[in-house]
Amino acid sequence: MSTFIDTKPTQDLESFKGVKKVPHEEYYSSGHRTCQGCESAQMMKLLAKAAGPRTIILGSTGCMYVANTSYYSTPWGVPWMHTQLGSAGSAALGAAAAFRAQMRKGAMKDEPINVIAFCGDGGGADMGLGAISATMTHPDYNLLILMYDNESYANTDIQISGTSPYGVNTSFSTPGKVTRIMHHRWKKNVAPLMIAGHPTVKYVGTISTSYALQAMNCVRRALTIGGPTFIHCLNPCPKGWDFDPYIAHELGELAVNTGIWPLYEVIEGRLKLYGKTEQIANGKLKRLPVRDYLLKQGRFAHFTEEDIEYFQNKIDEMWEKWLVPGVIPLLKDLEG
Ligand SMILES: Cc1ncc(C[n+]2csc(CCOP(=O)(O)OP(=O)(O)O)c2C)c(N)n1
Ligand code: SF4
Ligand SMILES: [Mg+2]
């Protein structure tokens, strides 16, 4: 018997077969006040484009709420609602349940509607993790939770979150003369947490805005498969990461090509690496040195050669020692 439960059919959102097939219509356009080069805003644009007009978006507090919808102006071309910082999971589940009830009562047309809740890393990997986890245990509601990860509580001035990288300079971990590295924890591995902890979830994926077509197609698969789904997106943040907005796209590519940010989907229990990550795993592409990524960002400007080496060793460990390279951090039993 399959672990996965049949859910009511969702919209038929086929993958875009190339950029030329992507519709011109925008459902997230001008009217926001995000920083120049903000890849989180780029994610919102791709998300809305991939989902299309029959969509409702719920957004938890963070840059993508505050900078997107200040002073009665908004970039959203689909219905949008703000929800509390830790509530992406419960807002999505509540909205999906409300739609179902309204449709059952005949109060609205019975048709598939995309319910998407987004949250930042602070809202999703830390404060709202419990609510997302609870939502992931309800296989009979169709919804997507997308966590945009700028690796800090950016909106409140760049504090450490559970996904902030080792050693990073944030407003809570400023390097000093006596202690250079103030942040010693390693980034939370959120997508595998969702996979391993919620066996009935049919879709979990990681994406990067630098690979836009693939990212949109992941969103479309997540919205089509049925049940609660989860996507984790890494989003370079010029303000928090301290780089020239001009290189935002390049940094996203470097995160993938250095092996820091592996791209994969888990569809009904099957893991599929894709894009450059698949090429790295198959030996067709060599991982770039992590220094290429770190030294382009002011938040790592205090790193010494020793710090870079430490970081590189940790990435090598992910790829050489983990049970599923780059994904599942159980160490292989090399002896037995
Ligand atoms: C319960 C609660 N605690 C604290 C805040 C203050 N606050 C607003 S936005 C934010 C940062 C959220 O970080 P993240 O989810 O990573 O989104 P980002 O700002 O980085 O886009 C914080 C702490 C709040 N709005 N609600
Ligand atoms: S602080 Fe970062 S995430 Fe927030 S709007 Fe600016 S670039 Fe985007
Ligand atoms: Mg954040």
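Can you find a residue that is crowded, with 24+ Cβ neighbours inside 10 Å, under 18 Å from the mean Cα position of the chain (by Cα) and either away from ligand 2 (no atom under 16 Å from the Cβ) or under 17 Å from A51 (Cα atoms) (or both) anywhere in the range 180-194? Yes, that holds for at least one residue. State whether one or more residues within the range 277-294 are of a type in the set (F, W, Y), assigned to a helix (DSSP H, G or I), more than 18 Å from A191 (Cα to Cα) and open to solvent by 70 Å² or more (accessible area, probe 1.4 Å). The answer is no; no qualifying residue exists. Look at (1) under 28 Å from D140 (Cα atoms); (2) within 16 Å of ligand 1 (Cβ to nearest atom); (3) free of Cβ contacts under 8 Å to residues at least 60 places away in the same chain and you find that M44 fails only one, number (3). Assess whether C35 counts as being within 16 Å of ligand 2 (Cβ to nearest atom), farther than 23 Å from L213 by Cβ and within 18 Å of the chain's Cα centre (by Cα). Spelling it out, it is not the case that C35 is within 16 Å of ligand 2 (Cβ to nearest atom), farther than 23 Å from L213 by Cβ and within 18 Å of the chain's Cα centre (by Cα).
Of all residues in the range 191-207, those satisfying the criterion of being out of contact with any His (no Cβ under 6 Å at 6 or more places or on another chain) and among the small types (G, A, S) are A196, G197, G205.
Does V66 fit the bill of being in contact (Cβ under 8 Å) with a residue 24 or more places away in the chain and within 15 Å of ligand 1 (Cβ to nearest atom)? Considered against the rule, which asks whether it is in contact (Cβ under 8 Å) with a residue 24 or more places away in the chain and within 15 Å of ligand 1 (Cβ to nearest atom), V66 comes out as yes. For the range 204-228, enumerate the residues that are more than 20 Å from V19 (Cβ to Cβ) and within 12 Å of the chain's Cα centre (by Cα). Within the range 204-228, V204, T206 qualify.
State whether the residues of the range 88-103 include one that is part of a loop (DSSP other than H, G, I, E, B) and either within 21 Å of the chain's Cα centre (by Cα) or not hydroxyl-bearing (S, T, Y) (or both). Checked against the condition, which is being part of a loop (DSSP other than H, G, I, E, B) and either within 21 Å of the chain's Cα centre (by Cα) or not hydroxyl-bearing (S, T, Y) (or both), the range 88-103 yields no hits at all. Total residues in the range 51-85 satisfying the condition of being in contact with a Gly (Cβ under 8 Å, 6 or more places away or on another chain), open to solvent by less than 10 Å² (accessible area, probe 1.4 Å) and more than 16 Å from ligand 3 (Cβ to nearest atom): the figure is 1.
Screening L85 on (1) of a type in the set (A, V, I, L, M, F, W, C); (2) within 10 Å of ligand 1 (Cβ to nearest atom); (3) touching a Lys or Arg at 6+ places or on another chain (Cβ under 9 Å) shows it passes everything except condition (3). So, in the range 116-136, of the ones that are part of a strand (DSSP E or B) and within 16 Å of ligand 2 (Cβ to nearest atom), which residue ends up surrounded by the most Cβ atoms within 10 Å (Cβ to Cβ)? Only one residue tops the list, namely C119. Of all residues assigned to the range 30-39, at least one qualifies as being away from ligand 3 (no atom under 16 Å from the Cβ), without any contact (Cβ under 8 Å) to a residue 60 or more places away in the chain, open to solvent by 60 Å² or more (accessible area, probe 1.4 Å) and of a type in the set (S, T, N, Q). Only residues that are within 13 Å of ligand 2 (Cβ to nearest atom), surrounded by fewer than 24 Cβ atoms within 10 Å (Cβ to Cβ) and at negative phi were counted across the range 147-162, and they come to 3.
Tell me, please, whether a residue that is without any contact (Cβ under 8 Å) to a residue 12 or more places away in the chain, within 20 Å of P329 (Cα to Cα) and in contact with a strand residue (DSSP E or B) (Cβ under 9 Å, 6 or more places away or on another chain) can be found in the range 239-262. No, every residue in the range 239-262 fails to be without any contact (Cβ under 8 Å) to a residue 12 or more places away in the chain, within 20 Å of P329 (Cα to Cα) and in contact with a strand residue (DSSP E or B) (Cβ under 9 Å, 6 or more places away or on another chain). For the range 216-260, the set of residues classified as outside any helix (DSSP H, G or I), of a type in the set (V, I, T) and over 20 Å from A301 (Cα atoms) consists of T229, I231, listed by residue number.
Within the set A107, A98, the sole residue that is under 22 Å from A51 (Cα atoms), surrounded by fewer than 22 Cβ atoms within 10 Å (Cβ to Cβ) and not basic (K, R) turns out to be A98. Looking only at the range 241-270, residues that are more than 21 Å from L213 (Cβ to Cβ), open to solvent by 70 Å² or more (accessible area, probe 1.4 Å) and not hydroxyl-bearing (S, T, Y) come to 4 in all.
The values are calculated or read from the model by the stated rules, or taken from the named source; none is laboratory data. If you're wondering where the values come from, they're calculated on a predicted model, not measured in any experiment. Methodologically, a virtual Cβ is constructed for each residue, glycine included, from the backbone with ideal geometry; neighbour enumeration extends over all protein chains shown. With ligands, DNA and RNA removed, areas are computed over all heavy atoms of the protein, side chains included. Shrake-Rupley method; radii C 1.70, N 1.55, O 1.52, S 1.80 Å.
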